[in-house]
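Asker: Supplied in structure tokens, the structure appears directly below.
The values are calculated or read from the model by the stated rules, or taken from the named source; none is laboratory data. Every value quoted in this text rests on a predicted model; they were computed, and no experiment measured them. Cβ atoms come from the backbone with ideal geometry, glycine included; neighbour counts cover every protein chain shown. SASA here: full protein model, heavy atoms, side chains in, ligands and nucleic acids out. Shrake-Rupley method; radii C 1.70, N 1.55, O 1.52, S 1.80 Å.
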Number of protein chains: 2
Amino acid sequence: MIRITLPDNSVREYPEGVTGLDIAKSLSNSLAKEVLSVTVNGEVYDLTRSINEDAEIILNKWDSEDGMHAFWHSSAHLMAEALEALYPGIKLGIGPSIDNGFYYDVDPGEGVTITDSDLPAIENKMKELAQQQNTFVRKVMPKKEALEHYTRKGDQYKVELLNDLEDGTISFYTHGNFTDLCRGPHLPHTGYIKAFKLLSVAGAYWKGDERNKQLTRIYGVSFPKQKMLDEHLAMLEEAKKRDHRKIGRDLELFTFSHVVGSGLPMWLPKGAQLRERLEEFLKKVQREHGYEQVITPHIGQKELYVTSGHYAKYGEASFRPISTPAEGEEFLLKPMNCPHHCEIYKFKPRSYKDLPVRMAEFGTVYRYEQSGELHGLTRARGFTQDDAHIFCRPDQLKEEFTKVIDIIFVIFKALDFKDFIVQISLRDPHDKEKYIGSDENWEKSEKAIIEATREKGLEASIEYGEAAFYGPKLDFMVKDALGRKWQLGTIQVDYNLPERFDLEYTGSDNQKHRPIMIHRAPFGSMERFVAVLIEHTAGKFPLWLTPEQVVILPISEKVHNYAEKVLNLLKNCDIRALIDLRNEKIGRKIRDSELKRIPYLLVVGEKEAENSTVSVRKQGEGDKGSMNLQDFVKFAKQEIEKQLEDISK
Amino acid sequence: MIRITLPDNSVREYPEGVTGLDIAKSLSNSLAKEVLSVTVNGEVYDLTRSINEDAEIILNKWDSEDGMHAFWHSSAHLMAEALEALYPGIKLGIGPSIDNGFYYDVDPGEGVTITDSDLPAIENKMKELAQQQNTFVRKVMPKKEALEHYTRKGDQYKVELLNDLEDGTISFYTHGNFTDLCRGPHLPHTGYIKAFKLLSVAGAYWKGDERNKQLTRIYGVSFPKQKMLDEHLAMLEEAKKRDHRKIGRDLELFTFSHVVGSGLPMWLPKGAQLRERLEEFLKKVQREHGYEQVITPHIGQKELYVTSGHYAKYGEASFRPISTPAEGEEFLLKPMNCPHHCEIYKFKPRSYKDLPVRMAEFGTVYRYEQSGELHGLTRARGFTQDDAHIFCRPDQLKEEFTKVIDIIFVIFKALDFKDFIVQISLRDPHDKEKYIGSDENWEKSEKAIIEATREKGLEASIEYGEAAFYGPKLDFMVKDALGRKWQLGTIQVDYNLPERFDLEYTGSDNQKHRPIMIHRAPFGSMERFVAVLIEHTAGKFPLWLTPEQVVILPISEKVHNYAEKVLNLLKNCDIRALIDLRNEKIGRKIRDSELKRIPYLLVVGEKEAENSTVSVRKQGEGDKGSMNLQDFVKFAKQEIEKQLEDISK
């Protein structure tokens, strides 16, 4: 008998060779129907794989990533099976589960192409095969044998993959007529996969290297229930409408130019205004929290990044160095602001009384990404971090952490992100050697983070072994209006850079001490944040933030004078207003303004001009009736001021 | 007889071979004493050189650049004569007049060095030689003969210079025992040089190329009268105190790091604050003038600058291209913002009704300078232009020009530059082919500039042939508190970039038309402007702008509470205040605050705490007596508000 410990710490005995599915059944039949994989002593197993020793186990359902990924991974195999059936001689690359589904990279062979129009036929084949409820069977064989198998089969991609694997035993999964080189885990059988949809076809270079052959990548997503799939597809449809690239273009917030270069956003007037307002807002919050703004150049000598360690880590894969026509100097586009800030810290001697130093910069950094990886503002080659570095004494760490959490809360509140998850990443307690910094400091800082989150009333999950080698961290993930998760706001402790830059302060003991550094960027980057904000709000920004707050729509040329009067009054009251003087029907003007997501539409005709009133419409909500002009101005000003007050509370 | 036309258009007849000095004497004896060179049909002559044909002449006195430069150039020869006398075998490089005096690059020979301590001896020798009143004699000889002379003399630098000259006849100047290869012009004799001072010794690579030998450069300055020299030396002394590099360090405005790289300023918190306030100020003014801010990346594909023509012109001498690890792309650090703005102009079709488009950006650009040429913030490798580009129709040019002049006036007023010079640079009317753009457009735009300046009541000098090949321009030069001239504010018309980027708008005739572009940057760059502002104000910035407006100086620890109360009150009233809580004597605290140029110092002791008063001191003016705390706050707020009102009027 072996001892199985469940997540609630209860212990049960089972015969050796028991499977996850057996255990689930022994607990409850309804649980057994829902469970998708089992985590055994930290490793994820198939539900049907034998457990041969005492173990701590977790039964993974759809609500856990390990359950979901087993589901999607098996779906990828099911798709591959269908493809082999429909396209004889097709060669397979890799087929993993991803954040939102799965894909398989395939080479359909000379002259054969697979396009979006072929997807329904593949889906049908998958449906047919899923109904066979073929069981996934795991088999282990030595690398040599595996190589022989695929060489015989003429499967060059799998041969390449095998060659890259370490020698030893390699696992294979078979279901029905399909076998794949695979680490697993998988579902018990294909019948689990009840609802799926193949989403799109794209080109993808083998191993992501453009010098290799371009394979065909087929994306799909699957769910245990049809209703879940329907909801997901509806969400995807809504997400498409909210795509920040589309809204950014429609609202003229930003643009890209292939002449300027891929992944280099240019902010158009309205976008620049929006971004500037966000920066002003954060600057104000940070000023109140004792931050000081600095401005540093966008390049630095290569040596700077050799010192920081960034060159050794990212140098080769990044934008190449910039040389000078004479003097043999070498500069790099700055990939991060911290080395510059360390140099500013060093510009004068610091005493324990000077700390904490909180140095903030809206610093534009440049990082190379393959053009195929670029995606609007969320994945760009140049972006502006709302960066700050706090240099503090060990005894100040907790308070500084708490203050950063406060700032993140202010931002979430101001921009209406109500739903978020918090994660604390600590050292792997069994492998302390791989971390830089003294044991004492790590213990102190880990304790400080845990206490700070607790005192702020946050329910944080703690992940051991997820800390960076140079310090523990705290992560915030927000859920947007469509339930999608976005990583925003990391607070990272750093013992490494102070060491590398030899940063010091004189303590009250008159000795030299090393400060601790905290990196933090609540928005992450202005680009990414604005993208998230667009997708979260569908471009309907809060009134205080939106580029154009009010539009005046004259019904005819006769009232243009009155419309101008309204405009001037609004502008004098610092309300961002514009006027639509086009010679168009009022219906068209209203429609166009609605599309521009302008919160208030003021229709003015002769009646309004006579009585000094405006007909107020609210974006998305229609007619709100007539209002005295002065009253509307007061009302709008109050609404804006109230929002600003609320967020600064 | 030849006909000589004077600047007042009067015409006089003189015998052929008459000299400038003869003409001056014929006009007045006092004029003859003051005149230094003569401009004959546009070429500057020695006063003693014969005029052999009808000519328009200008007699150049000290107040003209051509007079001053003849004086300084002759002074360089006088210094060289002294050096040859004192250092036998010394080899001479070049010895020009410069903006503020003259220098000579010399090679004193193996093992011989010239240092600052040798300068008095050289000055004495110069004095002795000047008293000899040796006449400068011009002699012309063929290049071959000149080469033979210097080869015989073993003067390798002059041989090199001669080799670089075009074949033909070469001029030499001799005075006393000294002869130099020289284009001239020179003074009649060395006796003119009555007052001079050798200022410093520096190293300078031969021909400015670091691969060549380093020569010794000796700087000097000279004047017709001792009093002028004394004033100049006093000004230099004051300028040294106002050196923006020194004040920038003392006030902690900016810093440089040799690890980050030469010529790359990093703005410290106080400097960043000052700069941001200037930017906010200009943004506000520009918003009121219908500008829209954009934000563009700091790099662009090489292709972008090939299109703009900048690569062909500056490419080789600038920061080298940045390549990517894959995909074979090439980017350049952006040396200017205009190409990006052209791409933004093109992002959507424009109609004649949309123009003018006024696109502004505080755009940081990078231009390579040799490290020896760098100088604090005035000559840096990275700087942020207060850039804007106006895209307009030809009929809008004059109004746009007028509006830019308005903005420049607002800035001069806000920052207390009262003394400035305006110059209009037009085409060379005799060489119209070398300019791009239609004759009609040039005529229109030149007329527009002239009319705009006239309507603004500006006395502008008109310089023909000084326009860029792509358009006429208007320049503003301000004089600072020490009388030094600084170029600030250029308004440049551009017909070239709209052509190169194929910019268009649809006219009222429904046809495609080319817009005209205006480049303008009233500050030039934030870096350069802040440097000028520091040197102009000696770091005593206007109250509205200065980083720290008020400092509170508690006399003892007993009144720290009261001091904090004062601080909070000031902060709540948006007055930028700080407090000096150091355990120092009040005298020391006052001295330190004075050095920091903080405008108001509030001394608080027990008496003040009891009566809720403050003892007010004004920077540089001393004690202003006691004031009720509330009254001081009101007073300070009023002064700031008044300044802000004044500048926005």
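Asker: Defining the label point at 7 Å along Cα→Cβ, can you sort the distances from B:L569 to the same site in each other copy, shortest first, in nm?
Answerer: 4.0
Asker: Using alpha carbons only, how many angstrom separate the centre of the range B:367-418 from the centre of the range A:480-518?
Answerer: Cα centres, the range B:367-418 to the range A:480-518: 39 Å.
Asker: Using only DSSP helix segments of four residues or longer, with each worth -39500 (n - 2.57), what per-residue ellipticity at 222 nm results for chain A after dividing by its residue count and rounding to 500? Write out the running numbers ahead of the final one.
Answerer: Details: 20 runs with 234 residues, N = 649.
Here the helix-only value at 222 nm equals -11000 deg cm²/dmol.
Asker: So if I place +1 on the C-beta of Lys and Arg and -1 on the C-beta of Asp and Glu, and nothing else carries charge, what would the dipole magnitude of chain A be about its Cα centre? I want it in debye, nearest 20. All intermediate terms of the calculation are to be shown ahead of the outcome.
Answerer: Numbers: 90 positive and 102 negative charges, 338 e Å.
Result for chain A is approximately 1620 debye, rounded to the nearest 20.
Asker: Starting at the first residue of the range A:297-306, write each ³J(HN,Hα) from the Karplus equation 6.51 cos²θ - 1.76 cosθ + 1.60 with θ = phi - 60°, in whole Hz, x for Gly and Pro.
Answerer: After applying 6.51 cos²θ - 1.76 cosθ + 1.60, I find x, 8, 10, x, 4, 3, 3, 4, 8, 6 Hz.
Asker: To continue, here is another question. So if we plug the beta-carbon distance of B:N52 and B:F347 into 1/(1 + (r/R0)^6) with R0 = 56 Å, what FRET efficiency do we get, rounded to 0.05? Walk me through the numbers before you get to the answer.
Answerer: Values: r = 62 Å, r/R0 = 1.11.
For R0 = 56 Å, the calculated efficiency reads 0.35.
Asker: For the range B:605-647 and the range B:41-106, write down the distance between their C-alpha centroids in whole Å.
Answerer: Measuring centre to centre over Cα atoms gives 56 Å.
Asker: Run the 1.4 Å probe and let me know the accessible area of A:L165, rounded to the nearest 10 Å².
Answerer: Spelled out: A:L165, probe radius 1.4 Å, area about 60 Å².
Asker: Let me ask something additional. Kindly give the distances from A:K207 to its copy-mates, label point to label point, with each label point 7 Å from Cα along Cα→Cβ, as nm values to one decimal ordered shortest first.
Answerer: Between copies, matching label points for A:K207 lie 5.0 nm apart.
Asker: How large is the dipole of the protein assembly as shown about the Cα centre if only Lys and Arg carry +1 and Asp and Glu carry -1, each at its Cβ, rounded to the nearest 20 debye? Each step should come with its number before you reach the end.
Answerer: Details: 180 positive and 204 negative charges, 400 e Å.
That gives the protein assembly as shown a dipole magnitude of about 1920 debye.
Asker: Still on this structure, please answer the following. Taking the convex hull of the alpha carbon atoms in the range B:550-648, what volume per residue do you get, in Å³?
Answerer: Working: hull volume 9.2 nm³, N = 99.
For the range B:550-648, the hull spanned by Cα atoms encloses 92 Å³ per residue.
Asker: Another one. Could you order the peptides B:428-434, A:552-558, A:348-354, A:187-193 from most to least packed, using the average number of other C-beta atoms within 10 Å per residue?
Answerer: Details: B:428-434: 9.3, A:552-558: 18.3, A:348-354: 12.9, A:187-193: 21.3.
My ranking of the peptides, most packed first, is A:187-193, A:552-558, A:348-354, B:428-434.
Asker: With the radius of gyration and the Kirkwood radius both derived from the Cα set of the range A:458-584, what is their ratio Rg to Rh? Intermediate results must be reported in sequence, preceding the final value.
Answerer: Numbers: Rg = 25.2 Å, Rh = 19.8 Å.
Over the Cα atoms of the range A:458-584, Rg/Rh equals 1.27.
Asker: Taking just the alpha carbons, could you work out the radius of gyration and Dmax for the range B:170-218, both in angstroms?
Answerer: According to the Cα coordinates of the range B:170-218, Rg and Dmax are 14.6, 39 Å.
Asker: What is the average number of partner chain Cβ atoms found within 10 Å of a Cβ in B:338-350?
Answerer: Working: counts 0, 3, 5, 1, 3, 7, 7, 0, 3, 8, 4, 0, 0.
That average works out to 3.
Asker: Restricting things to alpha carbons, find the Rg to Rh ratio for the protein assembly as shown using the Kirkwood radius for Rh.
Answerer: That ratio equals 1.03.
Asker: Another question, if that's okay. What would the Debye equation give as log₁₀ I(q)/I(0) for chain A at q = 0.08 Å⁻¹, counting only Cα atoms as equal point scatterers?
Answerer: For the requested q values the scattering log ratios are -0.80.
Asker: Sort B:R500, A:R617, B:R245, B:R427 from largest to smallest accessible area, using a 1.4 Å probe on the heavy atoms of the protein chains.
Answerer: Working: B:R500 110, A:R617 60, B:R245 90, B:R427 15 Å².
The most accessible residue leads, giving B:R500, B:R245, A:R617, B:R427.
Asker: Can you compute the FRET efficiency between B:K479 and B:L6 using 1/(1 + (r/R0)^6), with r the Cβ-Cβ distance and R0 = 22 Å? Round to the nearest 0.05. Please report the intermediate quantities before stating the final value.
Answerer: Details: r = 29 Å, r/R0 = 1.31.
For B:K479 and B:L6, the calculated efficiency is 0.15.
Asker: Taking the Cα centre as origin and putting +1 on Lys and Arg beta-carbons and -1 on Asp and Glu beta-carbons, what dipole magnitude results for the range A:2-61, to the nearest 20 debye? Don't jump to the answer; show the numbers that get you there.
Answerer: On the way: 6 positive and 10 negative charges, 54 e Å.
Here the size comes out at about 260 debye.
Asker: Probe radius 1.4 Å, ligands and nucleic acids left out: which of A:E610, A:E128, A:E123 has the largest accessible area, and how do the rest follow?
Answerer: Details: A:E610 150, A:E128 90, A:E123 30 Å².
Of A:E610, A:E128, A:E123, the descending order of accessible area is A:E610, A:E128, A:E123.
Asker: Of the cross-linked pairs B:K283/B:K456; A:K353/B:K270; A:K302/A:K479; B:K565/B:K642; A:K144/A:K432; A:K571/B:K334, which ones have a Cα-Cα span greater than 28 Å in the structure shown?
Answerer: Values: B:K283/B:K456 23 Å; A:K353/B:K270 19 Å; A:K302/A:K479 39 Å; B:K565/B:K642 26 Å; A:K144/A:K432 37 Å; A:K571/B:K334 36 Å.
With Cα atoms farther than 28 Å apart: A:K302/A:K479; A:K144/A:K432; A:K571/B:K334.
Asker: With every atom except the alpha carbons ignored, what do you get for Rg and Dmax of the range B:48-174, in angstroms?
Answerer: Values for the range B:48-174 (Cα only, Rg and Dmax): 16.5, 54 Å.
Asker: Starting from the Cα gyration tensor of the range B:129-212, take the square roots of the eigenvalues, sort them a ≥ b ≥ c, and report rounded, prolate or oblate (rounded when a/c is under 1.5, otherwise prolate if a/b is larger than b/c, else oblate). Don't skip to the answer; put the middle values down first.
Answerer: Details: a/c = 2.30, a/b = 1.21, b/c = 1.90.
It is oblate, given that a/c is not under 1.5 and a/b is not larger than b/c.
Asker: Partner chain Cβ atoms within 10 Å, averaged over the residues of B:289-295 - can you pull that number for me? Kindly include the intermediate steps, with their values, before the conclusion.
Answerer: Working: counts 0, 0, 1, 5, 8, 10, 13.
The mean count of partner-chain Cβ atoms within 10 Å per residue comes to 5.
Asker: Ok, one more. Efficiency by 1/(1 + (r/R0)^6): what FRET value for B:D99 and B:K624, r their Cβ-Cβ distance, R0 = 51 Å, to the nearest 0.05?
Answerer: Numbers: r = 41 Å, r/R0 = 0.81.
The computed FRET efficiency comes out at 0.80.
Asker: Turning to a different aspect of this structure: Given the Cα atoms of the range A:2-61, and with Rh set as the inverse mean 1/r over their pairs in the Kirkwood sense, what is Rg to Rh to two decimals?
Answerer: Working: Rg = 10.0 Å, Rh = 11.0 Å.
Here Rg/Rh amounts to 0.90.
Asker: What does a probe at B:K227 reach in the range B:107-144, counting residues whose amide N is under 14 Å from the point 7 Å along Cα→Cβ?
Answerer: Output list for this probe position: empty.
Asker: Taking H as built 1.01 Å from N, whose amide H comes closer than 5 Å to the amide H of A:I299, not counting residues under 5 places away?
Answerer: Amide H neighbours of A:I299, under 5 Å, 5+ apart: A:K334.
Asker: Among the listed pairs B:K418/B:K618; B:K91/B:K207; A:K143/A:K197; A:K139/A:K434, which are separated by more than 26 Å between their Cα atoms?
Answerer: Working: B:K418/B:K618 24 Å; B:K91/B:K207 14 Å; A:K143/A:K197 35 Å; A:K139/A:K434 35 Å.
In this structure, A:K143/A:K197; A:K139/A:K434 lie more than 26 Å apart at Cα.
Asker: Give me the lysines in straight-line cross-link reach of A:K33: C-alpha distance below 21 Å, same-chain residues under 8 apart excluded.
Answerer: Those lysines meeting the cut-off are A:K25, A:K61, A:K127, A:K194, A:K225, A:K227.
Asker: Hey, got the average number of other protein chain Cβ atoms within 10 angstrom for residues in B:302-310?
Answerer: Working: counts 1, 4, 4, 0, 1, 1, 1, 0, 0.
Mean number of neighbouring Cβ atoms from other chains: 1.
Asker: With every protein chain present, what accessible area does B:K153 have (1.4 Å probe, heavy atoms only), rounded to the nearest 10 Å²?
Answerer: So the heavy atoms of B:K153 present about 90 Å² to solvent.
Asker: Separate question: Relative to a virtual label point 7 Å from the Cα of A:Q511 in the Cα→beta-carbon direction, which members of the range A:348-384 show backbone nitrogen distances below 15 Å?
Answerer: A:352
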